[in-house]
1. Using the Cβ atoms and a cut-off under 13 Å, what net charge is assigned to the surroundings of THR23, where Lys and Arg are +1 and Asp and Glu are -1?
2. If DNA, RNA and ligands are ignored and the probe is 1.4 Å, what is the ranking of LEU9, LEU21 by accessible area, most exposed first?
3. Counting Lys +1, Arg +1, Asp -1, Glu -1, what net charge surrounds LYS40 among other residues with beta carbon under 13 Å of its beta carbon?
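The values are calculated or read from the model by the stated rules, or taken from the named source; none is laboratory data. The model shown is predicted, which means the values in this text are computed figures rather than measured ones. Cβ placement follows ideal geometry from the backbone for every residue including glycine, while neighbour counts extend to all protein chains displayed. Each accessible area value is taken on the protein alone, full model and side chains, heavy atoms only, with ligands, DNA and RNA left out. Shrake-Rupley method; radii C 1.70, N 1.55, O 1.52, S 1.80 Å.
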Amino acid sequence: IGLELEHDLERGEIEKVVKRLMTDKEAEELRQKAGEMKEKVELCMREGGSSYKSLNDLAEFILSFQRSSLFTFQPWL
């Protein structure tokens with residue numbers, strides 16, 4: 001999502017791009033796409049969502065090494 005400014009960043013060019021983002025049909029499409037992506041991210045990050053589950057599985061996997069090593073690695077002995 002975004003608009004690319006080419007070459008030197010001049011005040012007039014920046015102003016044109018900002019106005020496009022605020023008024024053009026393209027701006028409405030960008031806002032709509034951003035809203036759709038926001039909804040997808042929120043669904044993935046909710047408890048039970050795919051990203052939530054993946055992060056939880058990763059944390060459990062990492063913790064499994066710590067739990068198993070508590071009984072086998074004793075550097076103080």
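1. Working: positive: LYS16, LYS19, ARG20, LYS25, ARG31; negative: GLU15, ASP24, GLU26, GLU28, GLU29.
Taking every Cβ under 13 Å from that of THR23, the sum is 0.
2. On the way: LEU9 120, LEU21 70 Å².
Solvent-accessible surface, decreasing: LEU9, LEU21.
3. On the way: positive: LYS33, LYS38, ARG46; negative: GLU36, GLU39, GLU42.
Summing Lys/Arg as +1 and Asp/Glu as -1 gives 0.
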